[in-house]
Amino acid sequence: MKKIICVLFVLLMSLSLSACHGSEGKASFVTPEEFDTSRNYEISFWAKNDTNRTQVDIYEKAIEDFEKLYPNIKVNMRLYTDYGRIYNDVITNISTNTTPNVCITYPDHIATYLTGENTVVALDDLFDNEKYGLGGSEVRFDAPKKEEIVPQFLEECYFGDHYYAIPYMRSTEATYINKDMVEALGYEVPDVLTWDFIFEVSEKALEKDEEGNFKINGQKVMIPFIYKSTDNMMISMLKQKSTEEELLSDDQGNIYLFNDTTRDILYEVNKHAKSGAFSTFKISSYPANFLNAGQCIFAIDSTAGATWMGSRAVHQDIAESSIIDFETVVRPIPQYDTENRKMISQGPSLCIFNKEDPQEVLASWLFMQYMITNDVQIAYGETEGYVPVTLKAQNDPAYLDYISRKGEDNDLYYDVKIEASQLLVDNVADTFTTPVFNGSASLRDASGQLIEEVTKAARRNITVDDAYMEKLFSDITSLYRLNETSAAGGGRRELGPLPTPSIVLLSSLAGIWVLIGLYVLKERKNLK
């Protein structure tokens, strides 16, 4: 019996040691002295596309042009319909060591990928590498230098004491306004909107005639103010009201979301939702559809969605007969302090996943660097209301010419889209980003859900008072697991599936202990 137990104990220790060895992760990436051009490389690139063929063409042309410069590197692209799917697939593939080489994703997501040791490549050394870094001497294309990337955009890619990404495309939020309706209500559209102004005009727009139609549009439907992303709405309102550097959280994951300022905002939102002056995308649908049908005055959405906004919008999701002719003006989001404006910077970035072969990682870096060259950035900037992420591209004569041709051709130079792009270029200094840590994505979701809940409560005639707020804060904390400790000190711990070696280890341990138990029972019976 003792011999068998000893053998089983040795087996247990062996499994434990092998599992520990397997959990160490990859070695940190070290940039090779030279890129080995005598070898062939095949790298994978995961990207997101909204079924926009023009964007797909840009990706494909970028890959084709890059492969001409580097014939020994083949890039295989995989397209996704949303970033959530990319995130879920990456998390799943981390445990099987089948992550892509290059991925378009958000810094919030990268923070979660980093729960695996050396999973994502820190880019600091690559940035500064004399030969292959940004603008390096051995790079075969006109790559931007680090100082030519818009500093505010690059700053978001720095967390955990390293750069883990480079910005790929950036947008902000804009207020798309039916100027005709504002003036019909007796107001002028100011250069800088305030929340008080928007809510005041929205409330006035609710007046009805004797037949129950809204006076402003003669229709049965009118939602004067619709916000697309309530996550951004709450984050922006808190940031604007904050006298501290951060109010939502800090970069260690300590959460400050549930406070008196948040309560005041939610009470205000609930009041205007109750009157019918305010609603959200999740409750009512796309702001553009209501705006273009003359059923909304203020539609807040991303500048990347500008091609959907206005009666002459390039893209329409409603019947042509439902579109109302009106003048569309574009402004930054509303402010509490017009002298200290704050608006969110948003948009995906590019990261590289670590591999056992440093040469493969270097090949991936060269491709990722190519994606922020002028040709790619300007081409992508012309498809939606995104702006190039480099000063080099923004000041390129080709981009300056594009911006200057607003309204010449509705399809190519849609004025609302170009105004939305220019809005971000002109206000980069007023943009901000939220701290990134493992769990920051959940905190963003939670902040938006607060607005969704008080808006739904208004529609359901639920009283929103202090007792309601206490329960709401508690429910949201539990729903998004904000009271759990993350790897960075707070927030939700978003881990992927249990790695296969761990599953094997735990199953083996359980099986061995069962065998030991059965053997002991058998021996006891024999003794009797």
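Only the coordinates and a few stated rules stand behind these numbers; no lab work does. These numbers were taken from a predicted model, which means no experiment stands behind them. Every residue, glycine as well, gets a Cβ built from its backbone with ideal geometry; the counts of neighbours run over all protein chains shown.
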Note to self: Based only on other Cβ atoms within 10 Å, what is the fewest-to-most ordering of Arg53, Arg170, Arg312, Arg78?
What the structure shows: Arg53, Arg78, Arg312, Arg170
Checklist line | Per-residue ³J(HN,Hα) for the stretch 403-409, Karplus 6.51 cos²θ - 1.76 cosθ + 1.60, θ = phi - 60°, Hz, x for Gly and Pro | finding: 4, 6, 9, 3, x, 5, 9
Check: ³J(HN,Hα) across the stretch 203-220 via Karplus (A = 6.51, B = -1.76, C = 1.60, θ = phi - 60°), whole Hz, x for Gly/Pro?
Finding: 5, 5, 5, 8, 4, 10, 8, 5, 8, x, 8, 6, 4, 5, 10, x, 10, 7
Next item on the list: Give, as a single signed number, the net charge of other residues whose beta carbon lies under 13 Å from the beta carbon of Pro190, with Lys and Arg counted +1 and Asp and Glu -1.
Entry: -2
Next item on the list: Mind sorting Trp308, Trp365, Trp46 by how few other Cβ atoms lie within 10 Å of their own Cβ, fewest first?
Entry: Trp46, Trp308, Trp365
Notebook entry, point to check: Where does each of 379-386, 151-158, 300-307, 399-406 land if you order them by average Cβ count within 10 Å, highest first?
Noted result: 300-307, 379-386, 151-158, 399-406
Next item on the list: With a/c under 1.5 counting as rounded, go ahead and sort the stretch 136-262 into rounded, prolate or oblate using the C-alpha gyration tensor (a ≥ b ≥ c being the square roots of the eigenvalues; past the cut-off, prolate if a/b is larger than b/c, else oblate).
Entry: prolate
Check: For Ser229, what charge total do you get from the other residues with a beta carbon under 13 Å from its beta carbon, if Lys and Arg give +1 and Asp and Glu give -1?
Finding: -2
Next item on the list: Return Lys342, Lys146 ranked ascending by Cβ neighbour count within 10 Å, so the fewest neighbours appear first.
Entry: Lys146, Lys342
Next item on the list: Quick one: which residues, 5+ away or cross-chain, put their amide H under 5 Å from the amide H of Gly310? H built at 1.01 Å from N.
Entry: Asn292
Next item on the list: Enumerate the amide H contacts of Thr175 below 5 Å, restricted to partners 5 or more residues apart or on another chain; note that Pro and chain-start residues carry no placed amide H.
Entry: Arg331, Ile333
Next item on the list: Take peptides 184-190, 438-444 and line them up by average Cβ neighbours within 10 Å, highest first, as a rough protection proxy.
Entry: 438-444, 184-190
Margin query: Once you order the gyration tensor axes a ≥ b ≥ c over the Cα atoms, which shape class does the stretch 103-155 get: rounded for a/c under 1.5, otherwise prolate or oblate by comparing a/b with b/c?
Written below: prolate
Next item on the list: For the stretch 254-266, just list the computed ³J(HN,Hα) in residue order, Karplus coefficients 6.51, -1.76 and 1.60, θ = phi - 60°, integers in Hz, with x standing in for Gly and Pro.
Entry: 6, 9, 10, 5, 8, 8, 5, 4, 4, 4, 4, 5, 5
Margin query: Multiplying the sequence separation of Asn88 and Glu210 by 0.36 nm and subtracting their Cα-Cα distance, what value in nm do you get?
Written below: 38.6 nm
Checklist line | Total formal charge among the other residues, if their Cβ is under 14 angstrom from that of Tyr413, Lys/Arg +1 and Asp/Glu -1 | finding: -4
Note to self: For a test of the definition: using alpha carbon positions, the gyration tensor, and the 1.5 limit on a/c, classify the stretch 252-381 as rounded, prolate or oblate.
What the structure shows: oblate
Notebook entry, point to check: Taking the Cα-to-Cβ direction at Glu155 and at Ser28 and moving 7 Å from each Cα, how far apart do the two end points lie in nm?
Noted result: 2.7 nm
